[in-house]
DNA sequence: ACAGTGAGTTGGAAAATCCAACCATTGATG
DNA sequence: CATCAATGGTTGGATTTTCCAACTCACTGT
């Protein structure tokens, strides 16, 4: 992942204080991640994003606005007369690609029928896995322990099964 | 990630055929991933999930039902008289943990203020990164190429920026 | 007898989403 | 010149979801 020059405002969440909830507050609304997917694929224009995601155009407008406000995408004019715009990922938006990658991988793994998109890494099929940079081991549910910082929001019971 | 014994039905999606869209059709509704998060943390009872996510109880009921129908969680009775249940992750649900991990990591990286949950791997801080199992290199936007299988849904332009 | 726990239901208000149609600007076509 | 198509949206109104507070039911503990 990249590293932030400036960090984005953390949105308010309810329930357990959690970066997952905060992240989902920014990109968890309907169509938001699919819009990011299209932009990541290189489809930067409103019409292309609308067509490829299937999102209603008015909803897409509000999503693009809030993703922009959140600092995940940028709206850049590419011509005047008439004014036309395209959307680009910010560094933070780029950093959502691994999330999309993993969502795609989950679907490819667990859902019926052929995966509609194939990925190659360098020149071979991509076999992505989460690794720990410190020790080089694979990250599995068993080897990871969560430590909740906020008092009152304890975990109850073991992590697995 | 785990490997599927039986695969789950792929939900219908609009727009570009895509495993991301299909996955989000199952877990992309409001509160769904947060419910999975709580169950993954070991909080298996309805009240605990409701309290820790902040989800309205009626919505939580419908989410738990559809996650169960999708094959992501299981509802198991742990006593009769009165009938009481707890929720467990199926293997497919377990496999969503890396997705949650990455969402948390994105928030920890890009959002202001201290991350409310810390993770340790074995005995050190977790520094998770996506690696390719085939070649051992890190997976970055530059080194991955998407190949759309479905005709008519081409990618336009380069993957980056 | 009464309060408390656990797992929901219910009714009604509020918000979000969906859809089809519309608008404005400009360049190309007949 | 009238019209068409492309682009990037708006708009109004119907539909669907979500939210909230209160309620239920079946017990258990005091």
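What follows is calculated from the coordinates using simple rules that are stated; it is not laboratory data. If you're wondering where the values come from, they're calculated on a predicted model, not measured in any experiment. Because the Cβ atoms are built from the backbone with ideal geometry, glycine has one as well, and the counts that use them run over all protein chains shown.
Quick notes on this structure:
- Counting Cβ atoms of other protein chains within 10 Å of each Cβ in A:48-57 and taking the mean gives 3.
- Between B:14, B:27, B:117, the GNM of chain B built on Cα springs shorter than 10 angstrom shows B:117 fluctuating the most.
- With bins 10 Å wide beginning at 0, the percent of Cα pairs of the protein assembly as shown falling in each bin runs 6, 26, 36, 24, 7, 1, 0, 0.
- Calculated on C-alpha atoms, the gyration radius of the range B:19-143 divided by its Kirkwood radius gives an Rg/Rh of 1.02.
- Length-normalised contact order of chain A in % [C-alpha pairs under 8 Å, at least 6 apart]: 17 percent
- Neighbouring partner chain Cβ atoms per residue of A:84-94, average, 10 Å criterion: 2
- Residue by residue along B:71-82, Cβ atoms of other protein chains within 10 Å of the local Cβ number 0 on average.
- GNM result for chain A, Cα springs below 10 Å: residue of A:47, A:58, A:95 fluctuating most strongly: A:58
- Highest-MSF residue in chain A out of A:111, A:33, A:96 [GNM, Cα springs under 10 Å]: A:111
- Point-to-point label distance, residue A:76-residue A:61, nm (Cα→Cβ direction, 7 Å offset): 2.4 nm
- In chain A, the beta-carbon sitting nearest the axis that superposes A on B belongs to the residue given here with its distance in angstrom, A:131, 2.
- Teacher prompt: residue A:58 distances to equivalent labels in other copies, 7 Å Cα→Cβ, nm: 2.4
- Label point of residue B:135 (7 Å along Cα→beta-carbon): distances to the other copies' equivalent points are 2.8 nm, sorted ascending.
- Per-peptide packing, taken as the mean over residues of other Cβ atoms within 10 Å, places A:130-138, A:3-11, B:62-70 in the sequence B:62-70, A:130-138, A:3-11 from highest down.
- Inter-copy spacing of residue B:81 label points, which lie 7 Å from Cα along Cα→Cβ, given in nm from shortest upward: 8.6
- Estimated 222 nm signal from helices in chain B, with DSSP H stretches of n ≥ 4 weighted -39500 (n - 2.57), rounded to 500: -10500 deg cm²/dmol
- Per the Debye formula on identical point scatterers at the alpha carbon atoms of the range B:48-117, with no solvent, log10 I(q)/I(0) at q = 0.19, 0.23 Å⁻¹ is -0.95, -1.14.
- Principal axis dimensions, the range B:13-71 - Cα atoms, whole angstrom, descending: 38, 21, 18
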